[in-house]
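Report on one structure; see the data block that follows.
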Amino acid sequence: MIALAPSDPSYPSALRDLERPPDPLWIDGLIDVLARPAVAIVGTRRMTGYGERVARELAMACAAAGIVVVSGFAQGIDTAAHRGALDGGGQTVAVLGESITTFRTTVRGRRRPLVPRIVASGALISEFAAPLTPRYWTFAQRNATIAALARAVVVVEAGEGSGALITAEDTRRLGRTLFAVPGPLGSAASIGTNALIANGFARALLAPDQMLRVVGATDAACAPESAPTDPVLAALRDGPLGVDEIAQRCRMGGAELRSKIALLLVRGQLAPLADGRFRRT
């Protein structure tokens, strides 16, 4: 673990947009990942199944396009985003609301196995030194760091008073692009996101390619592959198939196949059907 001051040449330039850049910034993992194009995917701790699926799919689309996923490693949407990026073979940065040492000592449950995976290919970062424990104000402060690191921020689900709405406000103040995922009418988990869209504060995110365009995914990264060399497209040559059928024909594992499907959806080469199957476009 290292500490970088704002004057250090390796310090993430995006954080200098903050009124008070973290000084120092503690990093456990790869420093260079903080200089790469990134999307922040955030949301409520009390996510729904819909929110979990969307966060995961968006993160996997970023991974397939070579875009770093930034989030706060809280329970719920944040963790779903980190896991989606890792399962898609991408990189992710977890911005903590406490010291890295404290977090590593106390983290439990489904998040604990993700820690070494994040550090191996991305980074845990914090602006708080040990032995500081998490408080409301530390999470609010780290939200600004999340927004600053990203070129675009996506709020997947946010109920009334959700901390993700603080990140949304920081995003607007910093001049970053803000997206919100529309949610079902009456869903408590989508009150905040629907309000962001209705009030004109955020763009409605309807497909992953919207956020990828803003981040500037290269043409090369998004260029279509020819059908004969793509096993998924080849499997769908004779008609729509479900995920299990595609996996059998392509002999792909679940994570690899989900990443491939996410990329083909972003490229517009694949379309989902109402019955859960996919077809070539």
query = Between Tyr136 and Ser187, what is the label-to-label distance in nm when each label sits 7 Å out along the Cα-to-Cβ direction?
reply = 2.7 nm
task = Please list, in chain and number order, the residues 5+ apart from Glu157 or on another chain whose amide H is under 5 Å from its amide H, with Hs placed from the backbone.
result = Thr44
task = Starting at the first residue of the stretch 230-246, write each ³J(HN,Hα) from the Karplus equation 6.51 cos²θ - 1.76 cosθ + 1.60 with θ = phi - 60°, in whole Hz, x for Gly and Pro.
result = 9, x, 5, 5, 5, 5, 8, 4, 9, x, x, 9, x, 4, 4, 5, 4
remark   = Any GluC sites (Glu not before Pro) in the stretch 148-186 that lie in a DSSP loop and have at most 16 other Cβ atoms within 10 Å would be Glu160
query = Taking θ as phi - 60°, what are the ³J(HN,Hα) couplings along the stretch 113-126 by the Karplus curve (6.51, -1.76, 1.60), each to the nearest whole Hz, with x for Gly and Pro?
reply = x, 7, 4, x, 5, 5, 5, 5, 10, x, 6, 9, 9, 7
key: Candidates Gly216, Gly163, Gly66, ranked by Gaussian network fluctuation over the chain, Cα under 10 Å, top entry   = Gly216
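Which is the longest part of the chain that has none of the trypsin sites (Lys or Arg not before Pro) sitting in a DSSP loop with at most 10 other Cβ atoms within 10 Å?
Details: sites that count: Arg108, Arg237, Arg251.
By the stated rule (loop sites, at most 10 other Cβ atoms within 10 Å), 109-236.
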task = In nm, give the distance between the simple-model label positions of Ala129 and Gln210, each being 7 Å from the Cα along the Cα-to-Cβ direction.
result = 4.3 nm
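For Asp244 and Ala195 in one chain, what is 0.36 nm times their gap in residues minus the Cα-Cα distance, to one decimal in nm? Spell out each step's value before the answer.
Working: separation 49, 0.36 × 49 = 17.64 nm, distance 3.72 nm.
13.9 nm is the gain from fully extending Asp244 to Ala195.
State, as an integer percentage, the relative contact order of the stretch 2-215 based on alpha-carbon contacts under 8 Å between residues 6 or more apart.
Working: 495 pairs, mean separation 46.1, N = 214.
In percent, rounded to a whole number, it is 22.
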Alpha-carbon radius of gyration plus Dmax, which is the widest Cα pair, for the chain in Å = 18.7, 60
query = Residue by residue through the stretch 65-78, which ³J(HN,Hα) values in whole Hz follow from phi under the Karplus form 6.51 cos²θ - 1.76 cosθ + 1.60 (θ = phi - 60°), with glycine and proline marked x?
reply = 8, x, 9, 6, 9, 10, 7, x, 6, 7, 4, x, 4, 4
note = The answer for GluC sites (Glu not before Pro) in the stretch 1-87 that fall in a DSSP coil and have at most 13 neighbouring Cβ atoms within 10 Å is Glu19
Segment Ile31-Arg173, extension gain: residue separation times 0.36 nm, minus the distance between their alpha carbons = 48.5 nm
remark   = Assertion target for Tyr136, Tyr11, ordered by fewest C-beta neighbours within 10 angstrom first, is Tyr136, Tyr11
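No lab work stands behind these numbers, since they all come straight from the coordinates. Since the model is a prediction, treat every value here as computed from it, not as a measurement. Reconstructed Cβ throughout: ideal geometry from the backbone, glycine too, with neighbour counts over all protein chains shown.
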